[in-house]
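See structure below.
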Amino acid sequence: VSKSRSSSSAPVVAVVGATGAVGQEFLAVLAQRKFPFSQLKLLASARSAGKPQEFAGKTYKIEELTEDSFKGVDVALFSAGGSISKKFGPIASQAGATVVDNSSAFRMTDGIPLVVPEVNADALKGWKLGQAAPGQGGGGKGGIIANPNCSTIIMLVPVTPLHRAAHVKRMLVSTYQAASGAGYAAMQELETQTRDVLAGKKAEPKIFKYQYAFNLFSHNSDMYPNGYNQEEMKMVHETHKIWNDKNVHIAATCVRVPVMRAHAESIYLEFEQPLDEAKAKELLSKAPGVSIIDDRTNNRFPTPLDASHQDDVFVGRIRADISMNGASGSSSSKGLALFVCGDQLRKGAALNAVQIAELLL
Ligand SMILES: NC(=O)c1ccc[n+]([C@@H]2O[C@H](COP(=O)([O-])OP(=O)(O)OC[C@H]3O[C@@H](n4cnc5c(N)ncnc54)[C@H](OP(=O)(O)O)[C@@H]3O)[C@@H](O)[C@H]2O)c1
């Protein structure tokens, strides 16, 4: 039962990083879903302090994030980067707030739930705003919950119902990741470079190492010695934690493409049990948070523009993996290929975090 917004029993909500790409999406999602609150605190750096911010017909002032920001706060939605989360997440939690963190700071920490509500809402069993977090000690009212990486969320929303039906043994994924995944500055870089190149000027890389307009490159996160970058290894480790199954073999190739908003992913799945494309389509058509666009006659499949500003993850190119089982459509097929698009500012970040907070009301 959702409480009335004006009710004093409704939670005090803080948004940390409210001026950023994810922060602004938080505000859009909170307003759209009529998330109940008695007070709203919008926090960002000293650079933004005092700036006006419209929300649901009212003007708020951005406040500077400090150690004293969380007194009386019930739920704190963090999206201001990993170092801010590492420092201020525990401070907010100690002050009694339940933190839902969008950075990678706590995702792999034991005892911190890593949650996609459609996939593993059960990881939040016993959690409630205003009550001690199960398993996090401290005796206070607060706690920390982690929001997974955007590419992981967009992959697991459609793949989990298939995994439940036929058990994924091996998963190979290639991503086509948008500028918005790297924040406002990256979106600006794509726009500026595109204008510059079209005007016959040289593109000047600032955020990324390489020309972004009319180009693409391997994901900009740091490389590990094994030849995979951080984004790719996040998809592996986070899936193992969310599915609570380290035996699924996963490899990813993550690529930044010159798309403004919404990530795309090509996913190959090998199952333990047979799963043909008709059954996969049936499962996906009933899956929460999934929409299908799969029209072979008209070559109409999901695009980042279809997914932009949408809650659902869009799925198409649903087909047997012919490299595994021969003829497409075979009922003994244990291999399936998909192409998915999802708005990573929305389901990949803000929406997923707000859905988590809704589970705690
Ligand atoms: N973009 C995505 O799709 C996505 C998806 C999942 C997770 N995330 C995570 O969300 C976080 C933010 O990403 P973003 O894309 O929204 O970046 P962004 O557009 O660059 O926004 C960064 C936000 O952090 C604030 N901030 C920076 N330094 C701060 C400080 N010292 N004190 C308080 N606030 C500070 C900024 O405030 P000012 O405006 O005052 O500088 C701004 O509100 C990152 O941890 C990122 O990994 C992003």
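Table for the structure above
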| item | result |
| --- | --- |
| Subset of region 281-302 that is outside any strand (DSSP E or B) and touching a residue at least 40 places away in the same chain (Cβ under 8 Å) - its residue that is farthest from ALA166 (Cα to Cα) | GLY289 |
| Matching entry among ARG33, ARG5, ARG47 (being at pLDDT 95 or above and more than 11 Å from the ligand (Cβ to nearest atom)) | ARG33 |
| Among residues of region 66-92, those that are assigned to a helix (DSSP H, G or I) and either acidic (Asp, Glu) or touching a Leu at 6+ places or on another chain (Cβ under 8 Å) (or both), counted | 2 |
| Selection from region 58-99 of residues that are touching a Gly at 6+ places or on another chain (Cβ under 9 Å), among the hydroxyl-bearing types (Ser, Thr, Tyr) and more than 9 Å from the ligand (Cβ to nearest atom) | SER93, THR98 |
| Members of region 108-122 found to be surrounded by fewer than 20 Cβ atoms within 10 Å (Cβ to Cβ) and either of a type in the set (A, V, I, L, M, F, W, C) or within 16 Å of LYS234 (Cβ to Cβ) (or both), listed by number | MET108, THR109, ALA121 |
| ARG261 vs. criteria within 25 Å of PHE214 (Cβ to Cβ), at pLDDT 95 or above and not aliphatic (A, V, I, L, M) | yes |
| Any pair with Cβ under 6 angstrom, 6 or more apart, that starts in region 77-91 at a residue that is among the small types (Gly, Ala, Ser) and ends at one that is surrounded by 24 or more Cβ atoms within 10 Å (Cβ to Cβ) and assigned to a helix (DSSP H, G or I) | SER79/VAL22; SER79/GLY23 |
| Residue in region 225-248 that is surrounded by fewer than 21 Cβ atoms within 10 Å (Cβ to Cβ), in contact (Cβ under 8 Å) with a residue 12 or more places away in the chain, β-branched (Val, Ile, Thr) and outside any loop (DSSP other than H, G, I, E, B) present | yes |
| From the options GLN24, GLN53, residue that is within 13 Å of the ligand (Cβ to nearest atom), out of contact with any His (no Cβ under 7 Å at 6 or more places or on another chain), free of Cβ contacts under 8 Å to residues at least 60 places away in the same chain and in a strand (DSSP E or B) | GLN53 |
| Evaluation of VAL257 against (1) crowded, with 19+ Cβ neighbours inside 10 Å; (2) within 16 Å of the ligand (Cβ to nearest atom) (one fails), failing number | (1) |
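Residue-by-condition table, conditions (1) crowded, with 24+ Cβ neighbours inside 10 Å; (2) within 16 Å of the ligand (Cβ to nearest atom); (3) not in a helix (DSSP H, G or I):
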{"position": "LYS141", "(1), (2), (3)": "no, no, yes"}
{"position": "ILE145", "(1), (2), (3)": "yes, yes, yes"}
{"position": "PRO161", "(1), (2), (3)": "no, no, no"}
{"position": "MET171", "(1), (2), (3)": "no, no, yes"}
{"position": "THR175", "(1), (2), (3)": "yes, yes, yes"}
{"position": "SER180", "(1), (2), (3)": "yes, yes, no"}
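The values are calculated or read from the model by the stated rules, or taken from the named source; none is laboratory data. Bear in mind that the values here come from a model prediction, so they are computed numbers and not experimental data. Neighbour counts are summed over all protein chains in view; Cβ atoms, including those assigned to glycine, are modelled from backbone coordinates with ideal geometry.
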